[in-house]
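Novice: Shown below is the structure under consideration.
The values are calculated or read from the model by the stated rules, or taken from the named source; none is laboratory data. Just so it is clear, the structure is predicted and the values come from calculations on it, not from any experiment. Cβ sites come from the backbone with ideal geometry, for glycine too, and all protein chains shown count toward neighbours. Just so you know, the surface numbers come from the protein's heavy atoms only, side chains and all, with ligands and any DNA or RNA stripped out. Shrake-Rupley method; radii C 1.70, N 1.55, O 1.52, S 1.80 Å.
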Amino acid sequence: EVQLVESGGGLVQPEGSLRLSCAASGFTFSSYAMSWVRQAPGKGLEWVSIINSNSGSIGYADSVKGRFTISRDNAKNTLFLQMNSLKPEDTAVYYCYLYAGRNYWGQGTQVTVSS
């Protein structure tokens, strides 16, 4: 069974940095594109970033461009999101997302950006 487990969230000050990880299992990780999606309090789901299977194609939402970096380590079945220059509006639950015939989601990790 597909399993996605996020970690690395927490409380951070504005302009601070955080790195999120997503440990994947139950499928051939290296064959699939992976995404990060977030949900701010009281808001809907917002796509953040996507990376294809070999890291050759990457995309970001305009709101995070220049601040966030998505990457993956296929040998370790792990997806990452490096978040720099964090803003209060980045506060959200961050989810690891996979489409492999259907939608798969991790449990989410809370990121809170506050003074």
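Novice: Of the candidates 69, 28, 91, which one comes out as most mobile in a Gaussian network treatment of the chain with C-alpha springs shorter than 10 Å?
Specialist: Highest fluctuation among the options: 28.
Novice: In the chain, once you exclude exposed trypsin sites (Lys or Arg not before Pro) (DSSP loop, at most 13 other Cβ within 10 angstrom), what's the longest stretch remaining?
Specialist: That would be 1-42.
Novice: Still on this model: Given a 1.4 angstrom probe, what's the average accessible area per residue across the chain, in square angstrom?
Specialist: About 51 Å² of surface per residue is accessible.
Novice: Counting only protein heavy atoms and a 1.4 Å probe, tell me what percentage of the chain's accessible area is made up of carbon and sulfur.
Specialist: 47
Novice: Further question on the same structure: Report the local net charge at residue 24: Lys and Arg +1, Asp and Glu -1, summed over other residues whose C-beta lies under 13 Å from its C-beta.
Specialist: -1
Novice: In addition: Please compute the Kirkwood hydrodynamic radius of the chain from all pairs of different C-alpha atoms, in Å with one decimal.
Specialist: 14.1
Novice: Rounded to the nearest 20 Debye, what is the dipole magnitude of the chain about its Cα centre when Lys and Arg each give +1 and Asp and Glu each give -1 at the C-beta?
Specialist: Roughly 100 debye for the chain.
Novice: Post the alpha-carbon centroid distance, region 12-54 to region 65-90, in whole angstrom.
Specialist: Each part's Cα centre sits 7 Å from the other's.
Novice: Restricting to Cα pairs below 8 Å that are 6+ residues apart, what does the relative contact order work out to for the chain? Please round to a whole percent.
Specialist: Value for the chain: 37 percent.
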